[in-house]
Structures are given as structure tokens and as C-alpha cells.
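Some notes on the structure that comes next.
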Amino acid sequence: MRSSPKQPHRFKRLAVIGGLAAALSFGTVSAAAGGVQVQGPSGPDLTVGAPAATSVLLPDYDSEIVGQFDSANSVNHIRHLAVDIGPRLNGTPQEREGAEYIGGILKSYGFEVTLQSWGPVSTKRVAKVTSSDADLPGGPNWQMAASTSGKFTGDTGVKGQVVDAKTGQSDAEFPADSEGNIVLMDYSTTAAVRNTAVANAVSHGAIAVILAYPTGNSAPPSFTLTTPQPEIPVIGGGSAHSTWIRDLLAKGPLTLTIATNEYVTPMGTNVIGIRHAVGDPTGTTAPIVMVGAHIDSVLGAPGAHDDASGNGVSLEVARVLSRYPLDKELRIGGFGGEEGGLLGAKAYVNTLTAEEKARFVGEWQMDMVGTPYEPARLWALTPDGQSNYVVQEAYNAAARFGFDGLRNCRLGQSDHQAFFDVGIPSSLFIWLDYRPPASPAVCGPTGGTYVTEPQYHKPTDTMDNISPERLQTTLDVVGGAVAHNALNAVTVSALSDAGQPLAGAPVRADCGKGARNLGTTGADGQLKAVFPHVKCDFTVTVEGAVATERRVSISGDQAVKVTVDLTKPTISLTRPTDGAVYTLGKDATASYRCKDNLSGVATCVGTVRDGKSLGTSTVGFHEFTVNAADRAGNTVSQKVTYQVVYRWHAYFPETMNGKAGSAVPIKFSLDGYHGTRVFAPGYPASQPVTCDTGKPTGPAEPTRNQEHSGISYKDGQYNYVWKTDKSWSHTCRQLQLKLNDGSSHFTTIRLK
Ligand code: BES
Ligand code: ZN
């Protein structure tokens, strides 16, 4: 289900995939007046107002996969980690719960899941604060520091109403009902002041004490008291806790349960999900593509952004990729103890053998991958400030989907450092207000500076510090890069049968679900695309010629060659020859052959222009065309013109004598009656000629009785009566009889 609003770059992507201009966003649209909400359809990306596509092509796998990433799923995982589980301090049960949750999800996607325990780490003393009657801001599970000088209650804890004793420095500040309740006071950094406050609370009968920073929402400190108070839990929170409690108290009574625990030199937890490559079920040879995030958060912080967000993105990438059979090994790492000094990630890379490390394509570390804090931007930060394969692949993915906001500079401070240190290409992907040095060249040696969002490492790092839009961008860019690398890189070369690379040729692949549009070949006749472990038919089209390479098994990075037959078939047309003359009604047959040595002849058809085969039933000029096509789609045609004429017989001599002004009968036969319109338009005509040589001396002019006037038919003979002119006396004229079969006949008359 897609419900998150889209970043502008996603529109661009839609337009590219669909080839349609009218890609619209959908989701919740608020009408301006009345606040009416229109819920748009969910499901695949929609286009509205687009013309009905004639043949719908599937997108390439890069686009198909990114099109399935939905940050709403990431948000749900983040909520489970940051709200349902809550703060996940390294070495606490909550860090392990986080690992178990991530492991459970990965298992459901078919991953082989391992929980790694490593350590021990330093003793952790924490309070879990919950409420039975209030909806606690920031989440139902608050975490505070449990003073080693107070009581550790265990998970059951103590429950009571909260009273506010301000600074707790004088009796007057303690409400009358402090007895038997939980007393909230300001935390003082001065040990004596703090000690007085807690001692006063104990003397007023407090069952628990909360000391919270009045200003500066820093993480709650761990602290001691000069006078130990072993009978009650004493806990310390941040200023957000004090503000939230005081706001709740202003509205009425507030009941809290405080459970304090001391976890002595506990173990940290990593969760590693492995999805083996199809052909490498034991994981010994396949390239490894790894995504990492850290599970733990700092004391007191729900760690929604830092770094439940990273796991939310990892799990969504895992979900979508788990739908495809892959030839690369996919690893999803949830590391504990990052905040304690990259402890989990260091423990993990220590377990890798040299052979395993050599199989790594890279590690894409997601840490703080979508705060709404405005100045934050998406950065790819590397320990040495240099770009590397992992960074470059993220840039490439960003370019594929029209996002140009990714930048690269230098920073360690997250688990990518542990991978970098063992020679695995890695990068931290983070939404951060990072300020690079003036010259990018300095990113390497000195790096830049940064400002974190105000909620960073604070109790306020809650769901409010999560931007579904920015998570989506991270999914598209980083998830897009991971997906691209988890699939097989295939180079398709399009070649002509003569071995020439074919540039600009559209390439399609049908891998069982319909044809996918892979784009067009470059100047080198090549196209790069990624594929899961599949069998595909690859099709290349060039100027109407189509070549298909069938059932190609894709089982790794490989090359596919498609040869396009661009040689046209040949036609040998022996009858009719160009200019052939046939007598009306006489039997005539055409003779032609087509040949194609490469793909074979698909069609070879001879027709006259009117669609009938070679015919002699109508007089005049006819075109005879042979159309041939080979199986690749190359076509060729050859055209000849032939003539069908009447069987002509003249009953008049070539020259005769006559009298100017008289009518001269011209008799001829055409082998039967063919109507009276047997002359070509404008004929008969006559032209003055010299009597001795017959050379024309003036223009030809149509006779006065044209075409069918003056013509009659009787007993198998046509009789045309030529009316000569008186003014032609003492001249010679040539009579021109052009028939509608295209033939011409002549006689010359000497006029007295
Ligand atoms: N998510 C931070 C990394 C971070 C935060 C990088 C802000 C840049 C800006 C990480 O969880 C963290 O807090 N790391 C520690 C360092 C670590 C080695 C203990 C830090 O940055 O202080
Ligand atoms: Zn972090």
C-alpha cells in the first residue's frame, strides 16, 4: 500500500516508466473548503487521463523494484522499534528485542537469521517508565537513567501518582501528598544539591524520585548520590521528560510505573539475515551485497531516527528483494552497540573470514535516513571522504530516478567505519545538515562540519522525527542501488548479421511476465540492464527487423548477444518483364521467386496494382509488384509495368488520297466489340505533315468528332468517320489513332 506523498523526483520516474505525461500523485487530497478528504486509490502507481496504451510494456527490473518500495512499511517497522519496544540501549533487553523483531521479519521474507551475542559490555542501569492512565508523549516506554545509589526494582517496579516538588530544596516545595507517591524534581549537576533534593523526598515519604534536567534536553545522565537511597528507585531524565510530566500534571493526576534494572556486564546483540544466492545455497562463492543499520539507541532516546529509521529502510529493501530469485547473496545487518563505539559492527566484521570479505560487493549503511528537519540533505559519507563503489552506485541509482540531491563527503561515526576498516567498500547514508568544506577536494583530508536535528540523541527522537517522504527518497536511492547490485548485471549487444554494432536499437526482454522495456542500445550497440535469476527472451528491433534470442538463462553477471538479420530478401522476377506487351484475353502467367539465406522467406506475393494477380482482361498499362518479407521482418519489393493491348487489324492503308472537306471512313477491328470508347482521351487527332518526308509542320489537333462520336461497330469491324476540313486542301495530314490500350496507329492522307 502506498500512502506516503511522493517526492517530486518520483513523478519524473513515473513519467519515464510509463512514457506517459500525465502521471499524477495520489493519496490524501484535502479539499480547500469543508476539509473533505478524498482518499486516492492505493496499489501500483497510477496515471490519470493518459491515453489507453496500445501495448503495455513492463518496466525494467530497476524501476519495477523501486516502484515497490513503500516508506509506509518502513514507518511501521520504525514505530515498532521506537514506540512499541522503545529506547534500545546497548546491552539491555530492548536491544535484543529489536534484534528479535528484525530477525522475525527477515525470517518471514525467507532469510536465514542469526542472532549474534557479543561482549560483554559495560554495566547498564536503566529505568523503564510507563503509565497506566496517561498517553505518554513521545511513546509509552520512556527510558531514564537509574542511579546506582537507588533501588533496582526489577521489571515489576513501583507504581504511584506523581507530585512536583520543583527543586526539592525546601519543605515548602513538597506537596502535601508527597507521601507514598513519586516525586519529580529538577536534576542538578551539583552533587550536593541533588543529594539534598533526594534526601528531602525520602523524608517526605516518596516511593520513587525522578530528577529531570530543567533545561537543555540532553540525554539523561547516569549519576550517583552521596547518600545512597537503597529503599527507592532514583532515576534521571531529560528536560523533555520534565516538560512532559509537568504538562500532564497540569491536566490532572498522573500515574507512572517505574521499573529499574541493573544489567551487569551484559552482552550486546546483532541480527544478521542472509538470503543465499540461488546457485550457492551454502554461501561460498556468490558476491555479497550488504545493508546495515544499528539497532541500539542512546540512553533515554527512543531512537526513531537514530537509528530505527535505518532498519525500517533495510527491512523494506529486504521485503521487495525477497520476491526475486537472485544470484547474489543478500545480507541485512542490524548491529547493536553502535552508540557505544561501533561495537556490534566491529564484532561482526571480526567474524568474517578473508574469503567472505573478498566476496563483498559493498555495505550500504543506513543511519538516520529521514528526518523532517528542513536543512538536512541526503549524504553519502565515507571515512576517508572519497567516493567508492557503494557511493557511486547510489549516485547511479539517484540518476536513474531523477534525484539530484545526493552528495558525498567525509565522516565516520557509524558502522560503515567497521567495514571500511577491513577493506569493504562502505558508506554512511544519512539525512543530515552536513556542511562540506568550500572545496569538495578537501572532503578527503579534512571533511566538513555538521549540525544535527534538535531531537538527535534526545528523548524527543520520536516518530515526529521521521519523514516518510525522505525515507522514500532513501529507499529509492540507496534501496535502488542495493537492488541494482543484488541483481545480475547483463550487457546486451545488438549486432547486425554483418557484425556491425546496432546503436539506438530498442531492447526488450520477456522473462515470463511479459515484455519489459529495457531502453535502447548506446553508440557501441550495447545496453546494460539488471535481472534476477531468470530465463528471458531478448528482442532487438532495428528498422522493422526484429531478432529474438530465446530462453537465455541469466544466472550471474553476463553478456547476451542478439544478432539482427538486416539483409533483405532477394526477388528474381522473370515474368512479366518490364514493358512486356500482352494481347487482351490471352493467357499469361507471372513467374518470380524470393530468397533469404538468414532468417528465411516469410512471404513472397506478386500482385497487380488492383490487387489481382497478373491479368490480361483489361487493356492498358498495369503494374505488377512482388512483395517479399523475411522472417526477421526485412521487406523488399520489385515492380514492373506491362501492357495489355487489343488484337489490332487495320482495314486502311498507311497512306491514302482524299478530298478536303470530305468524310473518310477508317475501318479497323479489335477482335470483337469493346464498346465505342476505344480511343484514348484527345484522340483521334490529326497533324499537318510535309507530303514528301511526313515531317510535322504544325501541332496535332483533336478531330472534330472525338472518341465515341463518329464511331460505329458492325460485323466485327469498327468504322470511324473522319471529317476532314476544306481548309486542308493541298496539304498532307497524319491521322493519329491512339487507343485506350495505349497503342497508336497512323495513316497519312493527301488532300486535294
Ligand atoms: N547516527 C549517529 C551518527 C551521526 C550522527 C553521524 C550525527 C553524523 C551526525 C551515530 O549513531 C552516532 O551517534 N555515532 C557516534 C559515534 C560512535 C562511534 C559512538 C557519534 O557520532 O557521536
Ligand atoms: Zn546512529
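For the stretch 362-471, what is the percent of antiparallel DSSP beta bridges, rounded to the nearest 5? It would help to have the intermediate numbers written out before the result.
Numbers: 8 of 16 bridges.
Once the DSSP bridges in the stretch 362-471 are tallied, antiparallel ones form about 50 percent.
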- Any idea what the dipole of the chain comes to, in debye rounded to 20, about its Cα centre with Lys/Arg Cβ at +1 and Asp/Glu Cβ at -1? 4720
- Task: Determine the relative contact order of the chain: mean sequence separation of Cα pairs under 8 Å and six or more apart, normalised by residue count, in whole percent.
- Result: 10
- Task: Kindly write out, for the stretch 352-358 in residue order, the coupling ³J(HN,Hα) from the Karplus curve 6.51 cos²θ - 1.76 cosθ + 1.60 (θ = phi - 60°), rounded to whole Hz, with x marking Gly and Pro.
- Result: 7, 7, 4, 5, 5, 4, 5
- Query: Can you list the residues, at least 5 places off or on another chain, whose amide H is less than 5 Å from the amide H of residue 268, using H built in the peptide plane?
  - Reply: 118, 119, 121
- For the stretch 679-696, just list the computed ³J(HN,Hα) in residue order, Karplus coefficients 6.51, -1.76 and 1.60, θ = phi - 60°, integers in Hz, with x standing in for Gly and Pro. 8, 5, x, x, 10, x, 10, 9, 9, x, 9, 5, 6, 7, 9, x, 6, x
- FRET efficiency, 1/(1 + (r/R0)^6) with R0 22 Å, evaluated for residue 451 and residue 250 via beta carbons: 0.10
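Order of 129-140, 550-561, 256-267 by packing, highest average Cβ count within 10 Å first?
Values: 129-140: 16.7, 550-561: 15.0, 256-267: 19.0.
By packing density, highest mean first, the sequence is 256-267, 129-140, 550-561.
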- Would you please give the residues with an amide H less than 5 Å from that of residue 564, counting only those at least 5 places away or on a separate chain, with H modeled from the backbone geometry? 495, 496, 497
- Determine the distance separating the Cα centre of the stretch 160-209 from the Cα centre of the stretch 348-406; give it in Å without decimals. 49
- How large is Rg/Rh for the stretch 541-586, to two decimals, with Cα atoms and a Kirkwood Rh? 1.42
- Message: How large is the convex hull of the C-alpha atoms of the stretch 338-480 per residue, in Å³?
- Response: 113
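Quick check on the exposure proxy: order 668, 679 from fewest to most C-beta atoms within 10 angstrom. Don't skip to the answer; put the middle values down first.
Details: 668 18, 679 22.
Final ranking by Cβ density, sparse to dense: 668, 679.
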- Taking the Cβ of residue 689 as the center, what net charge do the other residues with Cβ under 9 Å away carry, scoring Lys and Arg +1 and Asp and Glu -1? +2
- Message: At 4 °C and a viscosity of 1.567 mPa s, what translational diffusion coefficient does Stokes-Einstein give for the stretch 455-568, taking Rh as the Kirkwood radius over Cα pairs? Give it in µm²/s as a whole number.
- Response: 80
- Alpha carbon centroid spacing (whole Å) that separates the stretch 452-499 from the stretch 535-602: 45
- Of all DSSP beta bridges in the chain, what percent run antiparallel (nearest 5)? 70
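Of 453, 100, how do they rank once you tally other Cβ atoms within 10 Å and put the fewest first? Display every interim value, and only then the final one.
Numbers: 453 22, 100 18.
The fewest-first ordering by Cβ neighbours comes to 100, 453.
Just round it to a whole percent: the fraction of Cα-Cα distances in the stretch 503-604 exceeding 15 Å. Intermediate results must be reported in sequence, preceding the final value.
Values: 3658 of 5151 pairs.
More than 15 Å apart: 71 percent of the Cα pairs in the stretch 503-604.
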- Task: Largest first and to the nearest Å, give the Cα extent of the stretch 360-441 along each principal axis.
- Result: 35, 27, 26
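Exposure proxy check: 463, 368 ranked by fewest other beta carbons within 10 Å?
Details: 463 16, 368 30.
The fewest-first ordering by Cβ neighbours comes to 463, 368.
With n ≥ 4 as the cut-off for DSSP H runs, can you work out [θ] at 222 nm for the chain, using -39500 (n - 2.57) per run divided by the number of residues, rounded to the nearest 500?
Details: 13 runs with 127 residues, N = 752.
So the helix-based figure for the chain works out to -5000 deg cm²/dmol.
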- Note on the structure: Taking the reciprocal of mean 1/r across every pair of different Cα atoms in the stretch 601-748, the Kirkwood radius in Å is 17.8
- Message: Can you compute the charge dipole magnitude of the stretch 672-752 about its Cα centre, using +1 on each Lys and Arg Cβ and -1 on each Asp and Glu Cβ, nothing else charged? Give it in debye, rounded to the nearest 20.
- Response: 240
- Query: Does the chain classify as rounded, prolate or oblate by the C-alpha gyration tensor (a ≥ b ≥ c root eigenvalues; a/c under 1.5 gives rounded; else a/b over b/c gives prolate, otherwise oblate)?
  - Reply: prolate
- Message: Using the basic label-point model (7 angstrom from Cα toward the beta carbon), what is the residue 115 to residue 609 distance in nanometres?
- Response: 8.7
- Listed residue pairs exceeding 31 Å between alpha carbons, taken from 328/458; 535/595; 107/128; 586/695; 166/458: 328/458; 535/595; 586/695
- Message: Taking θ = phi - 60°, what integer Hz values does the Karplus form 6.51 cos²θ - 1.76 cosθ + 1.60 yield along the stretch 723-733, in sequence order, with x for Gly and Pro?
- Response: 8, 8, 9, 4, 5, 8, 4, 6, 10, 10, 9
- Query: Going by alpha carbons, how many degrees (0 to 90, nearest 10) lie between the helix axis of 239-251 and the longest principal axis of the chain?
  - Reply: 80
- Qualifying aspartates and glutamates (Cα of each under 15 Å from Cα of residue 714; at least 8 residues distant if same chain): 671
- Spelling it out for residue 206: with amide H atoms placed in the peptide plane at 1.01 Å from N, the residues 5 or more places away or on another chain with amide H under 5 Å from its amide H are 180
- For the chain, build the charge dipole from Cβ charges (+1 Lys, Arg; -1 Asp, Glu) around the Cα centre, then report which of 703, 559, 499 sits farthest towards its positive end. 703
- Item | 10 Å binning of all Cα-Cα separations within the stretch 113-224, expressed as whole percents from 0 upward | 13, 41, 33, 8, 4, 1
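No value in this document is a laboratory result; all are computed from the given coordinates. Here the structure is a predicted model, which is why all the values come from computation and not from measurement. Cβ sites come from the backbone with ideal geometry, for glycine too, and all protein chains shown count toward neighbours.
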